Every structure is written in structure tokens, then in C-alpha cells.
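Input: a single structure, listed below in C-alpha cells.
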Amino acid sequence: GAKNHLIALPDCEVESTASDVVVSYAGCAGQRCMAASVLLVVGDKEGEAQKKLLETVVEKAAAIEPGTGPGKMGPVIDSNSLNKILSYIEASEKEGADILLDGRSWISKMKDDEKFGKGYWIGPTIICHNNKTDKAMNEEVFGPVLSVYHVSTWHEAIEIENANPFGNAAAIYTSNGGYAEWFLTRVRASMLGVNIGIPVPREPFSFGGLYGTRSKFGDMDITGDGAIEFFTNRIKITSKWPTPTVPEYVMGLEKEQQEKSDATTDHANFAGRM
């Protein structure tokens with residue numbers, strides 16, 4: 001499983017960060033292990049940079065239409081999944097969270113659609129939590145739902161991310177490489193991104209969660225060296241060949257040995273000669 005956290009610092013580039021956050025949490029209807037689940041906004045909740053970022057995220061997510069083409073989002077996989085997602089949204093309301101974007105409107109909107117009416121539709125949803133212990137802040141929702149929480153300090157962001165039982169992915173948004181390095185050395189996750197909300201490592205690096213978390217079971221990963229080790233056998237061959245007696249080879253070997261006789265001595269007898 002996964003509960004991937006995105007951390008946005010006040011110096012992040014708003015437009016690109018907002019686009020990346022939306023693509024990460026709403027792409028594939030949020031039903032992929034690399035989807036963003038929580039956005040931790042660092043700094044004053046009423047700060048200009050923080051408000052601008054959140055407004056832009058909501059604006060871009062609200063522009064998504066139901067469907068299967070570019071700029072659109074499809075339905076979730078089945079009724080069980082839909083009901084689970086709805087339960088987290090409803091629980092968040094009861095816990096005092098603010099619904100900044102409510103995707104439940106898609107249910108009635110698509111119900112009688114001639115082409116897509118049979119799908120299980122839930123639109124991009126953004127919840128601003130007032131309590132970090134809310135269910136949607138801590139459990140895997142697996143849908144197009146983004147939980148937003150404002151933190152005062154970098155350490156608070158790290159504490160929230162590292163306290164969750166998963167260790168799949170995390171990302172930091174900033175314009176400062178030093179700030180990024182600070183987070184990368186403290187985040188408890190296996191796949192990390194800098195200004196990238198879907199930090200899938202490219203081959204030949206391994207894709208997988210962190211040992212000791214609920215994002216990792218068994219040994220090795222599904223790509224990279226781990227996959228090669230799992231699906232193949234290492235076959236070791238030890239061989240020794242007699243010196244060929246072909247005239248052309250012998251003549252060339254004698255000349256080569258004469259040239260190297262003063263420079264190379266096989267003290268370890270690697271050649272196996274007496």
C-alpha cells in the first residue's frame with residue numbers, strides 16, 4: 001500500500017507545483033500506488049504564497065472533466081472502491097474538515113450519461129483538514145482525493161510523513177537545492193521526488209517501497225537488479241584451455257611473450273602453468 005506525501009515550501013514555483021500536484025493525485029483517478037494522497041503546505045495558512053498555491057491547485061483540479069480523453073479523468077474501478085472513497089469524504093466532514101472541491105457532484109452528473117453512465121464516478125476532491133489525526137490523513141483512500149494540511153515548520157512536515165506506516169514515495173517542492181537536500185535525508189520513503197509528484201525511478205533503478213514499512217513485503221523489488229535476481233539464475237563457469245598448437249597462434253604467442261617477459265611475471269600462476 002501507499003500514503004504518499006507531497007511537501008510544498010513557500011518558495012516553490014506555484015504554477016508548476018500546482019499542475020504537478022493535480023496530475024499526481026488525480027491521474028488514473030488516484031488509483032495507482034504512486035498517486036499523491038497528502039499535501040503538506042509549510043508556513044502561515046493565511047500567507048500569500050500558501051493561499052496562492054492552494055487556490056491554483058483547486059482551480060486546476062476543478063477544470064478536469066469526466067471522460068477518457070486528454071485533460072479528463074475516468075471512473076474508479078468498482079462500486080466497492082467508490083463507496084470506500086465516499087466514506088472517507090463523509091468522515092472528513094464529520095471530523096471538521098473543509099471540502100475545498102467536492103467530486104461527489106460527478107455521481108449525479110454522470111448517472112444518466114449515455115456513454116459513461118454505467119461507470120463508478122467520483123470527481124477530483126480536495127479536503128483541507130484541521131486535524132492531522134483525521135482518517136483520510138492517515139489511511140490509504142485510493143481515489144482522486146487530496147488531503148491538505150498546513151504545517152508551521154519543516155520538522156512538523158517530516159514528523160507527519162514519517163509517522164505514517166507506509167514508506168512508498170514522497171516529494172518536496174522548492175526552488176532551493178539545499179532545502180530539498182534537507183528533506184531528502186530525513187523522509188522515510190523509498191522513492192523520493194524533487195518538484196516531481198510521481199517519482200517513479202527509471203531503469204535500471206528499482207521500483208518499490210521501503211523495508212520495514214507497509215509498502216514493502218518480501219525481498220527485492222519488481223524492477224532493476226532485484227527483478228533480474230528473482231527471475232534468473234546466476235550460472236558460474238570456471239574453465240581452462242590448453243595452449244593451441246596452430247602455427248599462426250604459436251608464432252604470435254612467442255613474440256608476445258618475448259615482448260612481455262621482462263615486464264610481466266605470473267607469480268600467482270593464474271595461467272595454471274608449471
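Of note:
- The stretch 106-157, residues that are hydroxyl-bearing (Ser, Thr, Tyr) and either at pLDDT below 95 or more than 22 Å from the chain's Cα centre (by Cα) (or both): 108, 120, 133, 152, 153
- Every listed requirement among (1) open to solvent by less than 90 Å² (accessible area, probe 1.4 Å); (2) at pLDDT below 80 is met by residue 217 save one, (1).
- Some residue of the stretch 159-173 being hydrophobic (A, V, I, L, M, F, W, C), modelled with pLDDT of 95 or more, under 19 Å from residue 197 (Cβ atoms) and touching a helix residue (DSSP H, G or I) at 6+ places or on another chain (Cβ under 7 Å): yes
- Residue 7 being surrounded by 15 or more Cβ atoms within 10 Å (Cβ to Cβ), in contact (Cβ under 8 Å) with a residue 40 or more places away in the chain, more than 30 Å from residue 182 (Cβ to Cβ) and in contact with a strand residue (DSSP E or B) (Cβ under 8 Å, 6 or more places away or on another chain): no
- Any hit, the stretch 118-140, residues being touching a helix residue (DSSP H, G or I) at 6+ places or on another chain (Cβ under 6 Å) and closer than 20 Å to residue 191 by Cα: no
- Matching entry among 12, 33, 28 (being in a helix (DSSP H, G or I) and hydrophobic (A, V, I, L, M, F, W, C)): 28
- Long-range neighbours under 7 Å by Cβ, at least six apart or interchain, first residue assigned to a loop (DSSP other than H, G, I, E, B) within the stretch 43-67, second among the charged types (D, E, K, R): 64/72
- Residues of the stretch 179-214 classified as over 16 Å from residue 6 (Cβ atoms), at pLDDT 70 or above and open to solvent by less than 40 Å² (accessible area, probe 1.4 Å), total: 1
The values are calculated or read from the model by the stated rules, or taken from the named source; none is laboratory data. Everything numeric in this text was worked out from a predicted model, so none of it was measured. Counting neighbours? That spans all protein chains shown, and the Cβs are built from the backbone with ideal geometry, glycine included. Heads up: the accessible areas ignore ligands, DNA and RNA and are worked out on the full protein's heavy atoms, side chains in. Shrake-Rupley method; radii C 1.70, N 1.55, O 1.52, S 1.80 Å.
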